[in-house]
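Notes follow the structure.
The values are calculated or read from the model by the stated rules, or taken from the named source; none is laboratory data. The model shown is predicted, which means the values in this text are computed figures rather than measured ones. We place every Cβ from the backbone using ideal geometry, glycine too, and count neighbours over all the protein chains shown.
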Amino acid sequence: MSGLVKLTSRLSQFKNVLHPLRQSLYARNAANISNVIAKRQFARTLWHMCSSRSDTGFVTQWKIKHPSDLCSCGCGIHGVHTKSDKELVEFLNEELATEKKSMKMIKVPPTFEGFTVEANGSDVDLTKKLENETVTVSFNVNHTVDSEPPEPQINAKMDKPEFGEMRSRPSFEVDIKRGNKTLSFSCSFMENVADQQTDEAYGDLFGIDEVTIFEGEWNEKVYAVSGEILDGFLYDLFMSQLEDRGITNEFVEKLSDFSTHYEHMSYVNLLQQIQSFAAGK
């Protein structure tokens with residue numbers, strides 16, 4: 001009997017020991033369950049926020065999917081986010097208005113002095129077909145405008161002197177192609193042409209810098225001779241070759257006009273692209 005009492009007493013003590021452990025395990029499980037429930041509730045809330053379905057209507061859905069692109073500074077200009085962008089856009093508005101007033105070429109003409117015109121960016125090709133050959137005049141308008149403004153024309157009757165137009169004087173290539181062979185001249189405008197004026201006539205407005213001939217396509221291995229070391233009589237014969245094909249002083253002067261107007265049109269187009277870029281369009 002005493003043995004049974006002892007066993008009952010031990011079981012009671014063991015039960016008292018297990019009771020706190022069960023409470024601890026229960027509390028831990030309850031906490032885990034609460035965390036899971038909380039996570040699920042958060043996930044549902046996040047899903048509800050991101051879901052394309054909206055209980056508040058079309059306006060809320062539009063705000064989430066299509067945030068505003070207007071500047072945060074309140075200027076109201078689409079996509080402009082810095083002060084310098086805003087100042088650049090405002091300046092270009094005035095600059096473009098001024099430049100457009102002085103434009104003399106709105107679009108590239110199809111022909112020029114009997115040549116077909118093909119313009120691609122800063123490159124311009126003038127092509128003319130004769131009986132058994134094709135003459136092509138090529139030039140690029142980049143960096144061809146006078147770096148210094150021309151001297152003003154002073155007149156005693158004028159309140160303010162008039163400044164001459166800044167002109168484009170590009171170097172140009174003249175290719176005379178017959179069959180698969182091409183005779184090529186690299187030419188450029190003479191410097192200080194006004195100083196070469198005589199009482200009877202003007203000197204050449206342009207000169208030959210280089211002469212070469214090649215078959216097929218040109219490559220760097222093709223030999224070329226400088227115009228400066230050519231025999232004087234041979235040089236004159238080459239100039240006559242160009243003159244016979246319409247490359248004269250008059251043509252080159254008009255070429256400068258064409259290049260000046262085309263370069264200015266390209267400059268205005270550049271300003272318009274920069275303005276759109278700064279405005280975020």
Among residues of region 90-118, those that are among the charged types (D, E, K, R) and either under 18 Å from SER171 (Cβ atoms) or in a loop (DSSP other than H, G, I, E, B) (or both), counted: 3
Restricting region 235-253 to residues that are in a helix (DSSP H, G or I) and among the charged types (D, E, K, R), the residue that is surrounded by the most Cβ atoms within 10 Å (Cβ to Cβ): GLU253
Residue in region 261-279 that is modelled with the highest pLDDT, counting only those that are surrounded by 15 or more Cβ atoms within 10 Å (Cβ to Cβ) and among the small types (Gly, Ala, Ser): SER266
Selected residue (criterion: farthest from GLU191 (Cα to Cα)) from residues of region 201-223 that are surrounded by 14 or more Cβ atoms within 10 Å (Cβ to Cβ) and touching a residue at least 40 places away in the same chain (Cβ under 8 Å): ASP204
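Checking the structure you have, find out if any residue of region 251-266 is within 30 Å of THR82 (Cβ to Cβ), in contact (Cβ under 8 Å) with a residue 24 or more places away in the chain and not hydrophobic (A, V, I, L, M, F, W, C). Don't jump to the end; show me each part of the working.
Kept after step one, since they are within 30 Å of THR82 (Cβ to Cβ), are these residues of region 251-266: 264-266.
Going one step further and asking which of them are in contact (Cβ under 8 Å) with a residue 24 or more places away in the chain, we end up with 264-266.
In the following step, the residues that additionally are not hydrophobic (A, V, I, L, M, F, W, C) were identified as 264, 266.
Checked against the condition, which is being within 30 Å of THR82 (Cβ to Cβ), in contact (Cβ under 8 Å) with a residue 24 or more places away in the chain and not hydrophobic (A, V, I, L, M, F, W, C), region 251-266 yields at least one hit.
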Residue identified as charged (D, E, K, R) and farther than 24 Å from SER186 by Cβ among LYS254, LYS281: LYS281
